[in-house]
1. Taking into account only those residues within region A:15-30 that are facing another protein chain (nearest Cβ under 7 Å) and farther than 12 Å from B:ALA403 by Cβ, which is surrounded by the most Cβ atoms within 10 Å (Cβ to Cβ)?
2. Can you pull out the strands (runs of 3 or more DSSP E) entirely within region B:1-109 that have at least 1 residues that are surrounded by 14 or more Cβ atoms within 10 Å (Cβ to Cβ) and at pLDDT 75 or above?
3. Kindly list the number of the only condition in (1) within 14 Å of chain A (Cβ to nearest Cβ); (2) surrounded by fewer than 24 Cβ atoms within 10 Å (Cβ to Cβ); (3) under 19 Å from B:LYS44 (Cβ atoms) that fails for B:THR285.
4. Can you find a residue in region B:259-267 that is at the interface with chain A (Cβ under 10 Å from one of its Cβ atoms), among the acidic types (Asp, Glu) and more than 28 Å from B:THR166 (Cα to Cα)?
5. Quick one: B:PRO275 ticks every box in (1) farther than 30 Å from B:LYS182 by Cβ; (2) surrounded by fewer than 18 Cβ atoms within 10 Å (Cβ to Cβ) except a single one, so which number is it?
6. Anything in region B:333-352 that is more than 30 Å from B:GLY247 (Cα to Cα), at pLDDT 95 or above and of a type in the set (A, V, I, L, M, F, W, C)? List them, or say none.
7. Quick check on my filter: what residues within region B:375-433 are over 25 Å from the mean Cα position of the chain (by Cα), within 18 Å of B:LYS362 (Cβ to Cβ) and of a type in the set (Val, Ile, Thr)?
8. Would you pick out the residues in region B:207-240 that are within 20 Å of the chain's Cα centre (by Cα), of a type outside the set (S, T, N, Q) and surrounded by fewer than 19 Cβ atoms within 10 Å (Cβ to Cβ)?
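The values are calculated or read from the model by the stated rules, or taken from the named source; none is laboratory data. From a predicted model like this one, the values you see are computed outputs, not experimental measurements. Neighbour counts run over all protein chains shown; Cβ positions are idealised from the backbone, glycine included.
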Amino acid sequence: VAIFGNVQQKRLQVIYDIGGGKIGFGQGGC
Amino acid sequence: KQTHESTQSHRSQLRTYTVQLTSLLPASSCSPSSIVPNNEATLKVVHKHGPCSQLQAKPDHAQILQQDQTRVNSIHSRLSGKSVAATAAIDDDNPRYQEDSTTLPAKSGAVVSSGNYIVTVGLGTPKTDLSLIFDTGSDITWTQCEPCAKSCYNQKETIFDPSKSTSYANVSCNSADCSQLKSATGITPGCSSGTSTCIYGIQYGDQSFSVGYFGKERLTLTSSAVIDNVLFGCGQNNQGLFGGSAGLLGLGRNKLSIVEQTAQKYNRYFSYCLPSTSSSTGYLTLGNDRRASRSVKYTPLTTIPNGASFYGLQVLGISVGGKTLSISASIFQSAGTIIDSGTVITRLPPTAYGALSSEFQKQMSSFGYPKASALSILDTCYDLSGYNSVRIPTISFSFGGGATVVLDSTGVLFASKISQVCLAFAANGDDGD
């Protein structure tokens, strides 16, 4: 598989809404 | 703040970030982020080896990348379903523990624990504060436990002692919780002959492992977020490269992960933000984050064959400097993609990486930046000596469901030093990986 790693996730707000079946990305999260 | 800020511009029709070079290297002191979610179950996230962490071991950049490749190999091995049996006991020399062993596959269902980010939680009553690697790519939460019957590696904090906690309980061998370990770890649990206590074992792809008693304990995330009867591994035989942390916090999709164990309270919902540098802080929040803004873009969560514990994503395309790369959608679809907090560098199918690297080099060349030698798995590197700030192309990912995410500028480059700043992406061995 391809892997979206943690360097690329920096400063993104990454949301795991497993019940809702979705993953969210918000910019400038921290 | 100005040092860590970057801005996008649209000069010359190419979309670029302007990056202050000092922001690529860690500062010597910790600067906590002022952005904290409005949620009672929020933990501070820090880089394991930066000034915001109290842990000691500090691998160099090449070692970090080497460990990262081992983790990726481990993920690929896990998805291929291959394993080899081996055995580790809690204590070979002590008759009391001789039967307290469990079989460990040399290539188990677990991935390497080299993840870079840690959170501090409280375990037991009264609580012991423990810094755990937080990992969306594995399921079991474990920590080293006294009396360390066989072996404990050096950790910064006091090792958890269940005999001093009034809320600790062993899990029995014939319980459903014990049986569940097989799917979470890939290893059949053992049973302590004297006490009928369930014995877990987990071994990672770099041969690191933890074996011990499977127990239940009170987990304190914050003073107002306390969870009772959390199932965890109380490790009596622990060896490996855990960097001085006290163990692992498993946030995968198995029933034994913290996400599933807290499903009633937090509704299988969590979020995090990884800090831009190792000298700043981020957060991990369990439960709904009321700070989540309308600008959040959502993509469907998918499942990978043979990888039910992983969080799958559908990548559709990549843009560099606003230019969409010509990559067939089938390249991404054939192998699939996961998102993982424990893998450092994003791995792409070779065809996709080739297109990304080529376009990035073309645009960097147009800005006149000189190339530098490769750094381990990173082959697109630049010597930026003499610059205070540089323009680099923006990189954005298009995901299924119409979500397009522009990466932060700190998510594009990996710097060992200013004379060797590299594109922070690497290729898998094969488009089918």
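1. Within region A:15-30, the match that is surrounded by the most Cβ atoms within 10 Å (Cβ to Cβ) is A:GLY29.
2. On the way: elements: B:7-9, B:16-20, B:42-47, B:85-89, B:101-105.
Because the criterion is at least 1 residues that are surrounded by 14 or more Cβ atoms within 10 Å (Cβ to Cβ) and at pLDDT 75 or above, the strands (runs of 3 or more DSSP E) in region B:1-109 that meet it are B:16-20, B:42-47.
3. Just one mismatch for B:THR285, condition (2).
4. No: region B:259-267 contains no residue that is at the interface with chain A (Cβ under 10 Å from one of its Cβ atoms), among the acidic types (Asp, Glu) and more than 28 Å from B:THR166 (Cα to Cα).
5. So the condition that B:PRO275 fails would be (2).
6. Matches in region B:333-352: B:ALA352 only.
7. B:VAL390, B:ILE392
8. So in region B:207-240, the residues within 20 Å of the chain's Cα centre (by Cα) come out as B:207-210, B:221, B:232-233, B:238-240.
Add one more test, that the residue is of a type outside the set (S, T, N, Q), and what stays is B:209, B:221, B:232-233, B:240.
Of everything in region B:207-240, just one residue is within 20 Å of the chain's Cα centre (by Cα), of a type outside the set (S, T, N, Q) and surrounded by fewer than 19 Cβ atoms within 10 Å (Cβ to Cβ), namely B:GLY240.
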